[in-house]
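Please treat every number below as a calculation from the coordinates, not as lab data. Everything numeric here is computed off the predicted structure, so don't read it as measured data. All Cβ positions, even for glycine, are placed from backbone atoms using ideal geometry, and neighbour counts span all protein chains on display.
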Amino acid sequence: MAGGLLLSGAVAALLTTALPAQASSPVVDNPPPDKIVIDVATVNGSGCPAGTAAVAVSPDNTAFTVTYSSYLAQAGGNSDPTAFRKNCQLNLVVHVPQGFTYAVASADYRGFLSLQPGATATQKASYYFQGSSSTVPRTHPFSGAYNDDWQATDSTDWAQLVWAPCGALRNFNINTELRVNAGSANPGKVSFMTMDSTDGDISTVYHLAWKECPHQ
């Protein structure tokens with residue numbers, strides 16, 4: 001997981017410090033074709049033990065995907081009292097083609113959810129670059145009874161996108177959390193929520209926007 005992953009395409013991140021000088025820069029319809037090196041600096045959290053999270057870039061350079069294999073929160077029954085909340089922080093170093101900047105326009109989260117009647121669950125995510133403030137967390141609530149796949153999307157209007165600084169290399173952090181509350185109706189039965197890759201299709205996808213940097 002750690003170390004430079006040489007990936008074809010481009011990976012990006014979500015919100016960072018805005019650069020007013022970029023406001024009039026032209027929007028790029030097609031992402032840059034250059035190869036990008038992504039260093040996964042650290043992966044920390046109870047939802048992503050070592051070796052259980054992977055990052056990949058789409059062939060068309062418009063998205064990157066984080067896949068989990070051990071991200072599960074549960075409550076009720078004989079569940080471990082600490083298992084009701086799981087979290088993961090990904091710290092990525094993203095090397096972007098010279099002359100371009102980027103933002104994440106939206107993020108799709110998927111998993112499986114099994115909630116007893118009266119149980120509740122939430123998925124939460126926030127994003128920030130090294131040296132900048134964390135974004136306001138986006139939270140998606142769910143309630144039981146529920147036994148099916150789940151999906152949630154965080155999206156940002158184009159006018160409100162905040163772009164990565166041109167020519168700067170900053171670590172990008174993605175913080176996610178799953179939380180389950182068994183409720184009082186059926187506390188003896190287990191409720192759980194996953195964000196994982198059981199069938200190879202359940203994953204988190206971050207969709208990218210690109211534009212050219214102003215000439216220095």
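Listing for the model above:
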| read-out | value |
| --- | --- |
| Under Karplus coefficients 6.51, -1.76 and 1.60, residue-wise ³J(HN,Hα) of the range 96-103 in Hz, glycine/proline x | 9, x, 4, x, 10, 10, 8, 8 |
| Karplus-derived 3J(HN,Hα), 6.51/-1.76/1.60, for each residue of the range 81-91, Hz, glycine and proline x | x, 8, 7, 5, 10, 10, 9, 8, 10, 9, 10 |
| Full-extension gain in nm, residue 151 to residue 184, via 0.36 nm per residue minus C-alpha separation | 9.3 nm |
| Spacing of the two label points (7 Å from each Cα toward its C-beta) at residue 79 and residue 93, in nm | 3.8 nm |
| Binned Cα-Cα distances of the range 86-177, short to long, each 10 Å bin given as a whole percent | 14, 40, 28, 13, 4, 0 |
| Local electrostatic count, residue 87, Cβ distance below 12 Å [Lys/Arg +1, Asp/Glu -1] | +3 |
| Inter-part distance where the range 100-129 and the range 66-97 are each reduced to a Cα centre, Å | 11 Å |
| Ordering of 142-149, 168-175 by packing [mean C-beta count within 10 Å, highest first] | 168-175, 142-149 |
| Convex hull of the range 57-109 built on C-alpha atoms - directionally averaged projected area, nm² | 5.6 nm² |
| Environment charge of residue 206, counting only residues whose C-beta is closer than 12 Å and scoring Lys/Arg +1, Asp/Glu -1 | -2 |
